[in-house]
Each structure stands twice: as C-alpha cells, then as structure tokens.
Amino acid sequence: MSPFHLALPVHDLDAARVFYTGRLGCPEGRKAERWVDFDFFGHQLSVHLVDDLEAAETHEVDGDQVPVRHFGVVLPWSDWEALHQRLEGFLIPPRVRFRGEVGEQGTFFLQDPSGNALEFKSFKDPSRRFAR
C-alpha cells in the first residue's frame, strides 16, 4: 500500500509541532520557514503556515507555487513515471524537486473537476521520505 500525502494550512507552526510531535509522537521531517513535514504514522503530513486559514493560498516550494491545501499519494518511482507520462493538463508539471538533496523527489500536481489540488510524488529512495 502506498502512503498518502496530505498538506494542511496552520496558523502557528510551533503549536503544530507541539501537537503532532509532542502530543501524537510524530517525528518531524524536512522543514522550511513556512512549512514542516511530519511522519504521520508512516504517512507524509505537511503543514503550511498561512496568514488566513480561509484563503486558498500557495507557497513557494523549490521554485513552484504549491497550493497549501492539497492531498495525494507517494508512489513507487516507476509507477509515478508511468502515471505522469500518460497524463496532461498539469497544475504543476512533473519535475524532480530538491535535486541532489536528502529530500529529492519526483512530483506533479493535478486539479480535479472541483478545483482540488492533488500531488503525486515519489522518492527514488523511499527510506528518505522523512530524512532531513
């Protein structure tokens, strides 16, 4: 089974850390100034700091304007490549993000008919999913 990926907006990164790491015991993974990844029981949860929880915001992540509210899945690399090769109409086209870094990953985004953002990602080394 592939682990899911979910990104949520938060109003306070420190409060999110206290809750997810301190209360739930989810280890912290990669982070930047306005987002943090957590190992949510083997799944990847990303929380993004936003100024307005009701707004549909984006954040810059490795050169892309990524929708804060999105969900998706972490696929094996060959499945990720096969999927993006048969699709078109990307919200964010397929690319390798964080190239040469610990968190190197393939990613692309689509929108469903209601405008919900979906991310499909993969790690050539799945054991590095939460590495910093």
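Bear in mind that the values in this text are calculations on the coordinates, not laboratory data. Keep in mind the model is a prediction, meaning the values are calculated, not measured. Virtual Cβ from ideal backbone geometry, glycine too; neighbours counted across all protein chains shown.
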Labelled set [x] 17.1, 63; [y] 32.0, 87; [z] 14.3, 42; Rg and Dmax of the Cα atoms in Å computed from this model equals the value at [z]
Based on DSSP H runs of at least 4 residues, each adding -39500 (n - 2.57), what is the mean residue ellipticity at 222 nm of the chain after dividing by all its residues, to the nearest 500 deg cm²/dmol? -2500 deg cm²/dmol
Each label sits 7 Å from Cα toward the beta-carbon; between Arg23 and Leu53 the label points are separated, in nm, by 1.2
HN-Hα couplings for the stretch 98-112 via Karplus (6.51, -1.76, 1.60; θ = phi - 60°), in whole Hz with x for Gly/Pro, come out as 6, 3, x, 9, 4, x, 3, 7, x, 8, 7, 10, 10, 10, 7
Give the calculated FRET efficiency between Met1 and Lys124 to the nearest 0.05, with a Förster radius of 30 Å applied to their Cβ-Cβ distance. 0.95
Only Lys, Arg (+1) and Asp, Glu (-1) charged, at Cβ; the chain dipole about Cα centre in debye: 480
Vicinal HN-Hα couplings computed from phi for the stretch 17-32 (Karplus, 6.51 cos²θ - 1.76 cosθ + 1.60; Hz; Gly/Pro x): 4, 4, 5, 6, 8, x, 7, 8, x, 8, x, 7, x, 5, 7, 9
